[in-house]
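Engineer: I'd like to ask you about the structure that follows.
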Amino acid sequence: MRRLAVFCLFLLSGTAARADNPPPVQVKAAFLKLLDRPRVPLAPQMIATKALGDGLIQEHVRFASEKKADGTIERVPVHIVRPAQAKRKLPAVIVLHGTGGSGKSQAPLLIELAKHGMIGVAIDARYHGERAGGAKGAAAYNQAITRAWRTRPGEKHEYPFYYDTCWDLWRLVDYLETREDVDTRNLGMIGFSMGGIEAWLAAAVDERIKATVPAIGVQSFRWSLENERWQGRANTIRAAHQAAAADLGEKQVNQKVCRVLWQKVIPGVLDEFDCPSMIRLFAGRPLLILNGEKDGNCPLPGAKLAFAAAEQAFQDAGASDKLRIMVAEGVGHRVTPEQRQAALAWFERWLK
């Protein structure tokens, strides 16, 4: 633990955050406005319930998130693991999977959370898991991003690349507020890779999330683009980037392709919605950041801009004790066992 902590302090030394980001309150309002859409009744449906042993219950639920342009209702699959005999309302932690994954794939962590006296909750992100229409991995996700990219100027389109899942997460919190077994004063969120990005986007503007752990997702999209380090993130959805390159007449994916694609399907992520700007909104709420020193998807120099912005915001809020940054030395795009245990301890400390 001490080695990681010392390493992080070394990384932050001499690092400065950008001063040209709008005030946090303005960033929050703009992000909420961009993603706002008519709310529909949640209409939750219990699909299945079963006992897992060790005094745990597993639930499979679906709720309505929005009415889409074609009139269909978008329904979100929810995977829940909870203690069977709780005598009081329990904290709940939302777990977000990475690109090509699913909520079901997070079952081990949901079980671990439940064994620690919390309710583990996971959803399938847009165009993943049960929402992939039978496609495997990230195929449906790439196709959806390509469709959004190819909409004509002025036409409305979806934001399947991170943003629409943020809307689903806000609606998930609405659903959790209806449950009698959830202590909604103590909600947490942890996400991995794509899920880590969705965590710092969604939880930054939703103060109902008390404690957040973005794992291998904190970075600066702008720094990566400006410094030719966009490859790791672009390769996670390679097919969509290749389609954009072809449409733009480029022989291969390059900086120009990433800039134009990102500006359309994740507008603002190179500016006010980039992590060094958004992460300031957590000031005062417990935030544990997990990164790897050698992570090509989240290049460390860009991530350090977000670290510095968070440190300054928490210092200004008089809440530096609620921020912790763990960078695993020599580690790439993965979470170490030590970091995983630190995340569990973080939720136990701040939610229980």
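Engineer: Work out, step by step, the length gained on full extension between residue 156 and residue 49: first 0.36 nm times the residue separation, then minus their alpha carbon distance; give nm to one decimal.
Structural biologist: 34.7 nm
Engineer: Sorting check: for 278-288, 150-160, which peptide has the highest mean count of neighbouring beta carbons within 10 Å, and how do the rest follow?
Structural biologist: By packing density, highest mean first, the sequence is 278-288, 150-160.
Engineer: For the range 114-161 and the range 230-277, write down the distance between their C-alpha centroids in whole Å.
Structural biologist: If we compute the Cα centre of each part, the gap is 17 Å.
Engineer: Name the residue farthest towards the positive end of the dipole of the range 76-176 from the options 90, 111, 173, assuming +1 on Cβ of Lys and Arg, -1 on Cβ of Asp and Glu, about the Cα centre.
Structural biologist: 90
Engineer: Express as a percent, rounded to the nearest 5, the fraction of DSSP beta bridges in the chain (both residues included) that run antiparallel.
Structural biologist: 50 percent
Engineer: Sticking with this one: Once the Cβ-Cβ distance between residue 177 and residue 312 is put in as r, and R0 is 30 Å, what FRET efficiency do you end up with, to the nearest 0.05?
Structural biologist: The calculated FRET efficiency here is 0.40.
Engineer: How big is the dipole moment of the chain about its Cα centre under a simple scheme where the beta carbon of each Lys and Arg is +1, that of each Asp and Glu is -1, and everything else is neutral? Debye, nearest 20, please.
Structural biologist: 340 debye
Engineer: How many nm separate the modelled label positions at residue 59 and residue 147, each set 7 Å beyond the Cα in the direction of the Cβ?
Structural biologist: 3.0 nm
Engineer: Would you work out what percent of the accessible area of the chain, with all protein chains in place, is carbon or sulfur (probe 1.4 Å)?
Structural biologist: 50 percent
Engineer: Additional query: How big is the charge dipole of the range 90-239 about its Cα centre, in debye rounded to the nearest 20, if each Lys and Arg gets +1 on its Cβ and each Asp and Glu gets -1 on its Cβ?
Structural biologist: Here the range 90-239 has a charge dipole of around 540 debye.
Engineer: Which trypsin sites (Lys or Arg not before Pro) in the range 158-227 pass both tests, a DSSP loop state and at most 14 other beta-carbon atoms within 10 Å?
Structural biologist: 208
Engineer: Accessible area per residue for the range 156-250 in Å², computed with a 1.4 Å probe and the full protein assembly in place, what is it?
Structural biologist: 30 Å²
Engineer: Any chance you could run the full-extension gain for residue 251 through residue 136? It's 0.36 nm times the residue separation minus the Cα-Cα distance, nm to one decimal.
Structural biologist: Taking 0.36 nm per residue and subtracting the Cα distance, the gain is 38.7 nm.
Engineer: Once the Cα gyration tensor of the chain is found, what semi-axes does its equivalent ellipsoid get, as square roots of 5 times the eigenvalues, in whole Å, sorted largest first?
Structural biologist: Those come to 29, 26, 18 Å.
Engineer: Something else about it: Tell me which aspartates and glutamates have Cα within less than 12 Å of residue 50's Cα, excluding those fewer than 8 residues away on the same chain?
Structural biologist: 59
Engineer: Which of the pairs 115/322; 28/251; 136/322; 115/294; 264/304 have their Cα atoms more than 29 Å apart in this structure?
Structural biologist: Among 115/322; 28/251; 136/322; 115/294; 264/304, the Cα-Cα distance tops 29 Å for 28/251; 136/322; 115/294.
Engineer: Report, in debye and to the nearest 20, how large the dipole of the range 77-179 comes out about its Cα centre when Lys and Arg carry +1 and Asp and Glu carry -1 on their Cβ.
Structural biologist: Charge dipole, the range 77-179, about its Cα centre: 200 debye, nearest 20.
The values are calculated or read from the model by the stated rules, or taken from the named source; none is laboratory data. All values reported here derive from a predicted model rather than from experimental measurement. Please note: Cβ atoms are built from the backbone with ideal geometry, for glycine as well, and neighbour counts cover all protein chains shown. In case anyone asks, the SASA skips ligands and DNA or RNA and just uses the protein heavy atoms, side chains included. Shrake-Rupley method; radii C 1.70, N 1.55, O 1.52, S 1.80 Å.
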